[in-house]
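Engineer: Below are the structure tokens for one structure; questions will follow.
The values are calculated or read from the model by the stated rules, or taken from the named source; none is laboratory data. These numbers were taken from a predicted model, which means no experiment stands behind them. Virtual Cβ from ideal backbone geometry, glycine too; neighbours counted across all protein chains shown.
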Amino acid sequence: MDKFVIHGGKKLEGEVVISGSKNAALALMPATLLASGKYRFENIPDLRDITTMSKLLEMMGVEIEKRSHTMELNTFRVSKLEAPYEQVKKMRASIYVLGPLIARYGYAKVSLPGGCAWGPRPVNLHIEGIQKLGAKIEIDKGYIIAKAKRLKAAKITFDISSVGATGNILMAAVLAKGTTTIENAAIEPEIIALAEFLVRMGARINGIGTTRLEIEGVDALNPSDDVMIPDRIEAGTFLVAAAITGGSITLNGCNPNHLTAIITKLQETGSLVTIGKTWIKIKAHRTIKPVDVTTSVFPGFPTDMQAQWIALMSIAKGSSVITDTIYFDRFKHVPELARLGADIEQDRNTAITKGVKKLIGAKVMSTDLRASASLVLAGLVAEGKTEVLRIYHLDRGYEHIEKKLHSLGANIRRVSGKEY
Ligand code: EPZ
């Protein structure tokens, strides 16, 4: 398992290109199960999660070719309508095959995802939604087994906003008979990208971008191509990297409209942020003002930036309160940041962070994707050497992050090894 060795203290300067969105690609790739044919996706990021989704689809019979950031998929020979535990346990987003399989083939056998690094992650909204669309569901030995002759339209209201459940039910409803409505649908940019892709395939969806979707089912869809939207969480992570190191960087190839909450909060800390159509420039202030954050669904401050924000607040000039309303137990980074000298008191889903004068480098352990990002950010500013272990977590969702950080002046290198 690889580790990063970081010598902190360098201000990041320069320009960085943001990669395609992991979470958009993880939704659009399974959507190709909805129609046989050839698809071409551009701006696909080079990530472990993308490889995991590719392997799962290939096990089903999808032929996939990836050359640099272009992916070609051929779904003519889909034959296996199953997502086995061995694959699903690696990545929860595998459950995205459930909707398309039951809608197009009338059958799906998908492993329950189980927990993840920071606790249980239920899929009841996915299952209940598919049931409401008329599928017969049984849970057998850890598998969801869904059957349906043809799905029938339904009125579906999500008690809580769920990105994955919205995506799954949307992909099921596009081939259901009749008009389905989804109330309290997620409006994250990745869901909007999925809905727009489905429309390009011939789906009839009204209300895209709102929490009320109306889907008029069609008998069949056709393949289409797409270009992935930029990854807003990678972009937010680099903005924080500039702020925490007191640097000044420009992000190219991003969509500032997807980052309004993060930009506003960074401006409140004292950073100067200017934006263009596809770029964001940030110039950090010498001191970081403490700024409270409460995560919420889009367009609020994303839970996927909570860990990175705590890292930034750990060296702010004062105390701040960070509350995660999406996941109540997504704080595995807190004890690791404490090893670097951060002063954070966690109480249930809130972390009170008292800024310290400086962090001191140490060995720290990655536990999940965004937690490891926060450890890298802290290492960039900690005095001396920080070793971030088990960075396979990072490789799930950040494309060559050490190369991008190094190009901005960070003293960071990847060390391959066994025991880390
Ligand atoms: C997506 O996960 C993202 N993953 C996550 O990003 C992100 O943290 C999350 O949305 C929230 O924005 C992908 O898009 C692949 P949810 P998802 O369903 O769809 C509860 C990353 O770092 N819930 O919106 O799994 C759930 O427990 C990853 O890239 C149910 O109770 O998240 C949570 O509290 C990590 N029942 C809340 O809803 C369900 O059936 C939001 O979860 C489904 C969800």
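Engineer: Quick check: is even one residue across the range 176-193 assigned to a strand (DSSP E or B), within 16 Å of the ligand (Cβ to nearest atom) and either over 21 Å from R40 (Cβ atoms) or more than 23 Å from the chain's Cα centre (by Cα) (or both)?
Structural biologist: yes
Engineer: Exactly one of these conditions fails for Y398: (1) in contact (Cβ under 8 Å) with a residue 24 or more places away in the chain; (2) away from the ligand (no atom under 16 Å from the Cβ). Give me its number.
Structural biologist: (2)
Engineer: Identify, please: which residue in the range 57-116 is in contact (Cβ under 8 Å) with a residue 24 or more places away in the chain and on the phi > 0 side of the Ramachandran plot and is, among those, nearest to the ligand (Cβ to nearest atom)?
Structural biologist: G114
Engineer: Then there is this: Just one of the numbered conditions (1) surrounded by fewer than 23 Cβ atoms within 10 Å (Cβ to Cβ); (2) among the β-branched types (V, I, T); (3) within 16 Å of the ligand (Cβ to nearest atom) is not true of V356; which one?
Structural biologist: The failed condition is (3).
Engineer: Turning to a different aspect of this structure: Of all strands (runs of 3 or more DSSP E) completely enclosed by the range 335-420, which ones contain at least 3 residues that are within 28 Å of R48 (Cα to Cα)?
Structural biologist: Answer list for the range 335-420: 363-365, 385-389, 411-415.
Engineer: Any chance you could count how many residues in the range 262-298 are within 16 Å of the ligand (Cβ to nearest atom), without any contact (Cβ under 8 Å) to a residue 40 or more places away in the chain and assigned to a loop (DSSP other than H, G, I, E, B)?
Structural biologist: The first filter runs over the range 262-298 and keeps only residues within 16 Å of the ligand (Cβ to nearest atom), leaving 262, 293-298.
Those still in the list that are without any contact (Cβ under 8 Å) to a residue 40 or more places away in the chain too: 293-296.
With assigned to a loop (DSSP other than H, G, I, E, B) added as a condition, the list becomes 296.
Of the residues in that region, 1 qualify.
Engineer: Go through (1) crowded, with 17+ Cβ neighbours inside 10 Å; (2) under 21 Å from G14 (Cα atoms) and name the single condition R370 misses.
Structural biologist: (2)
Engineer: Counting just the residues of the range 299-315 that are crowded, with 21+ Cβ neighbours inside 10 Å and part of a loop (DSSP other than H, G, I, E, B), which one comes out nearest to the ligand (Cβ to nearest atom)?
Structural biologist: This residue is P302.
Engineer: Condition first: in the same structural domain as A373 (by TED's automatic domain parsing) and buried (at least 24 other Cβ atoms within 10 Å of the Cβ). Can you find one or more residues in the range 215-223 that meet it? Write out each step before concluding.
Structural biologist: Restricting attention to the range 215-223, the residues satisfying the condition of being in the same structural domain as A373 (by TED's automatic domain parsing) are none.
No, the range 215-223 has no match at all.
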